[in-house]
Amino acid sequence: MNSRVLSSSMIGLCLCYATSCMPPNQVDPNFSQAVKREWTRPPTKDAGPVEWKGSKVVSRVLPYPDFVSLFIRLPIAHAAVTGKGVKVAVVQGGSDKTTAVLVENIAPGAEVVVVPCGAKEAGDARLGERLADSGCRVAIVPDLAVLSEPALLELARDLTARRVLVVVPSDLSEERAAIERVNKLHALGALTVGRVNRQSMVMVESSERDEAVKPLNRQIRTFPTDVFSAVDPMRGLAIGPAATAAGVATLVIEKWPALAPAEISQKIIAGARAVWQGTAIESGRWTDVSVDPVTTRYQPRNEQSVFRFRALDAAGAVGVDTEVPWFLNMLNCPKAWEITRGAGTLVVVTDQGFHLKHPELAPHIQATNHFGPMNFNEPKQNFHGTDMSRILLAVAPAARIVPVLCSGKSHGAGGDLAGNMARSFQYAVQLKADAVSSSWAGWFNKDEKLLGAVRDAVDHGVVVSWFHYPRPYPGLLRSSFTYAAGWDSGQELGFADRFLTDPPGFHPVEIEAGLSGTAPQAAGIAALVKSANPKLAPKEIEALIYEQATPIGGGVLVPDAHKAVLAAKQKAGGKT
């Protein structure tokens with residue numbers, strides 16, 4: 001078994017995002033309208049006919065251009081249910097509608113009402129009865145401090161007895177009283193919801209600046225948190241995860257109206273993704289894991305160095321899915337495969353480490369090379385190139401690949417690693433490769449020798465996929481996220497992250513998310529297009545992918561592999 005440290009220096013790509021620095025329990029008073037404007041998306045079932053095979057969707061399901069819905073696979077769930085006919089009560093202090101709007105965006109068919117709960121209402125023993133009699137099936141309490149602990153517990157007990165599911169945030173503070181309050185609510189049947197950051201991580205290094213998305217908590221094991229969901233990346237809203245889970249609960253209730261609260265919770269928990277984070281609780285830093293050199297299965301050294309949890313999944317909660325992994329479905333790959341699977345193409349994957357004996361890679365490897373002091377037998381090389389190669393082959397299953405391992409002592413621009421990366425692009429030209437998949441980090445994009453090698457590769461007929469190239473260049477694919485392109489001017493090709501080719505729970509969450517996985521998806525589509533028409537130049541391939549992509553709003557263009565391949569064949573004069 002090989003062992004290595006999963007550290008930020010070893011991850012193939014790193015990207016920082018601007019987030020609000022508001023305290024985690026405060027909400028911008030002007031935010032509810034912005035949430036409604038930016039997050040309200042038409043349900044998939046209203047966007048067009050959906051074709052089913054049992055509980056699997058076989059037609060294309062497009063993402064919505066926001067992060068949270070992608071994180072919980074909401075569009076797939078919306079192909080079946082939208083919360084129609086289900087009533088949700090938001091029990092809170094004041095009449096702010098932010099939480100209500102968040103729930104509505106998850107369950108657009110539900111009726112969401114705000115129930116202000118001041119001092120007078122808090123002492124009303126009939127509050128639970130009134131909510132149940134009004135037809136509420138879900139009650140979310142976004143701020144547990146709105147009621148005294150006795151009143152809160154009595155309300156939760158009363159609502160649960162009246163078949164109303166109570167949803168509360170799992171407080172991540174270090175205060176013993178807060179921990180005990182959540183534990184008591186959980187014991188009464190409340191669904192407890194924790195929060196994760198953009199990288200799907202419950203615990204992060206204590207140096208992270210934004211308190212709203214820094215859930216490092218040494219007491220995390222003492223909270224009985226049922227599921228974890230994402231914080232809104234632009235605002236860091238601590239109420240977001242609980243509101244998201246409440247919305248998912250309405251989807252479950254629409255599908256199975258007779259379920260009791262405990263059964264609703266069980267559907268949500270069972271449908272969530274089982275994952276783990278290899279982080280030391282004391283420091284919030286990554287720890288050693290063991291990695292099998294053939295299967296690339298990850299295993300923590302001991303249970304104290306990991307935190308196992310479940311990430312909310314709306315599609316899983318209502319028992320539906322896509323026939324192939326969703327990132328392939330949204331790219332329309334199955335339809336493209338009816339024409340070509342990428343046969344006859346050669347793609348170089350330049351990265352930091354590969355498991356050449358992996359059964360999904362080995363049959364496709366045409367050649368290998370390494371530049372720098374490390375070779376393929378070095379036990380300290382990391383996993384990253386393996387996963388990137390597997391994602392590429394998931395998109396273009398018949399392509400041939402060339403793993404190129406780059407290493408060096410200096411990791412900055414102008415260092416020997418950047419120079420060896422440049423050599424990998426030169427090698428792609430020598431091989432007459434069709435494409436290069438590059439997931440290298442953004443700090444290398446100031447190295448002029450590397451940038452020159454990238455341009456030279458494109459000029460010699462090689463499509464390059466690398467988001468961090470600093471400016472548009474004809475024939476170079478700068479892949480982005482399905483939920484991030486709207487932050488920039490113009491339109492960007494959006495790809496899904498956190499959809500690896502393995503079943504849930506196979507990977508630690510440290511490697512689930514990031515721009516890295518978008519590069520091989522873009523390179524894979526380029527391989528499909530080149531397979532359909534070998535005469536196309538890189539700039540023509542890039543143009544076809546952009547022209548045939550599907551806009552989903554927010555400046556995001558989701559590539560359509562099928563339409564791009566059809567257009568390529570038409571240019572070649574072939575029958576479609």
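The values are calculated or read from the model by the stated rules, or taken from the named source; none is laboratory data. Treat the numbers as computed from the prediction; the structure is a model and nothing was measured. All Cβ positions, even for glycine, are placed from backbone atoms using ideal geometry, and neighbour counts span all protein chains on display. We work out accessible area using only protein heavy atoms, side chains counted, and drop any ligands, DNA or RNA first. Shrake-Rupley method; radii C 1.70, N 1.55, O 1.52, S 1.80 Å.
Laid out as a table, the results:
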{"item": "In the stretch 426-446, the residues that are open to solvent by less than 10 Å² (accessible area, probe 1.4 Å) and either over 29 Å from the mean Cα position of the chain (by Cα) or over 12 Å from Thr350 (Cβ atoms) (or both)", "result": "Ala428, Ala433, Ala441"}
{"item": "Candidates Ala496, Ala441, Ala485 - the one that is modelled with pLDDT under 95, touching a Pro at 6+ places or on another chain (Cβ under 7 Å) and of a type outside the set (D, E, K, R)", "result": "Ala496"}
{"item": "Inter-residue pairs, beta-carbon under 7 Å, first in a loop (DSSP other than H, G, I, E, B) and in the stretch 390-406, second at pLDDT 95 or above and among the β-branched types (Val, Ile, Thr), 6+ apart", "result": "Ala396/Thr345; Ala399/Thr345; Ala399/Val347"}
{"item": "Selection count, the stretch 295-329, where residues are at pLDDT below 75 and either surrounded by 17 or more Cβ atoms within 10 Å (Cβ to Cβ) or in contact with a helix residue (DSSP H, G or I) (Cβ under 9 Å, 6 or more places away or on another chain) (or both)", "result": "1"}
{"item": "When residues of the stretch 180-200 are limited to those that are β-branched (Val, Ile, Thr) and modelled with pLDDT of 90 or more, the one nearest to Ala262 (Cα to Cα)", "result": "Thr192"}
{"item": "Residues located in the stretch 407-422, provided they are farther than 17 Å from Phe376 by Cα, in a helix (DSSP H, G or I) and not small (Gly, Ala, Ser)", "result": "Asp416"}
{"item": "Pair list, Cβ < 6 Å and 6+ apart or interchain, from the stretch 523-539 residues that are of a type in the set (S, T, N, Q) to residues that are open to solvent by less than 10 Å² (accessible area, probe 1.4 Å)", "result": "Ser531/Gly342; Ser531/Thr345; Asn533/Ala568"}
{"item": "Unmet requirement for His370, which otherwise passes all of (1) modelled with pLDDT of 95 or more; (2) open to solvent by 10 Å² or more (accessible area, probe 1.4 Å); (3) out of contact with any Phe, Trp or Tyr (no Cβ under 7 Å at 6 or more places or on another chain)", "result": "(3)"}
{"item": "Residue check for Asp171: in a loop (DSSP other than H, G, I, E, B), more than 32 Å from the chain's Cα centre (by Cα) and either of a type in the set (Asp, Glu) or at pLDDT 95 or above (or both)", "result": "no"}
{"item": "Failed item in (1) open to solvent by less than 50 Å² (accessible area, probe 1.4 Å); (2) modelled with pLDDT of 95 or more, with Arg163 passing the rest", "result": "(1)"}
{"item": "Selection count where residues are in contact with a strand residue (DSSP E or B) (Cβ under 8 Å, 6 or more places away or on another chain), open to solvent by 30 Å² or more (accessible area, probe 1.4 Å) and at pLDDT 90 or above, scope the stretch 373-391", "result": "3"}
{"item": "Pairs where the first residue, in the stretch 459-471, is open to solvent by less than 20 Å² (accessible area, probe 1.4 Å) and the second is modelled with pLDDT of 95 or more and part of a strand (DSSP E or B), C-beta under 6 Å, 6+ apart", "result": "Val462/Val436; Val463/Ala435; Val464/Val436; Val464/Leu476; Ser465/Ser437; Ser465/Leu477; Trp466/Ser438; Tyr469/Leu476"}
{"item": "In the stretch 558-573, the residues that are open to solvent by 40 Å² or more (accessible area, probe 1.4 Å) and part of a loop (DSSP other than H, G, I, E, B)", "result": "Gly573"}
{"item": "Residue check, Phe354 open to solvent by less than 10 Å² (accessible area, probe 1.4 Å) and under 30 Å from Val57 (Cβ atoms)", "result": "no"}
{"item": "Subset of the stretch 545-556 that is open to solvent by 10 Å² or more (accessible area, probe 1.4 Å) and touching a Pro at 6+ places or on another chain (Cβ under 6 Å) - its residue that is nearest to Ala532 (Cα to Cα)", "result": "Ala549"}
{"item": "Residue count, the stretch 316-355 (criterion: of a type in the set (A, V, I, L, M) and over 24 Å from Ile525 (Cβ atoms))", "result": "3"}
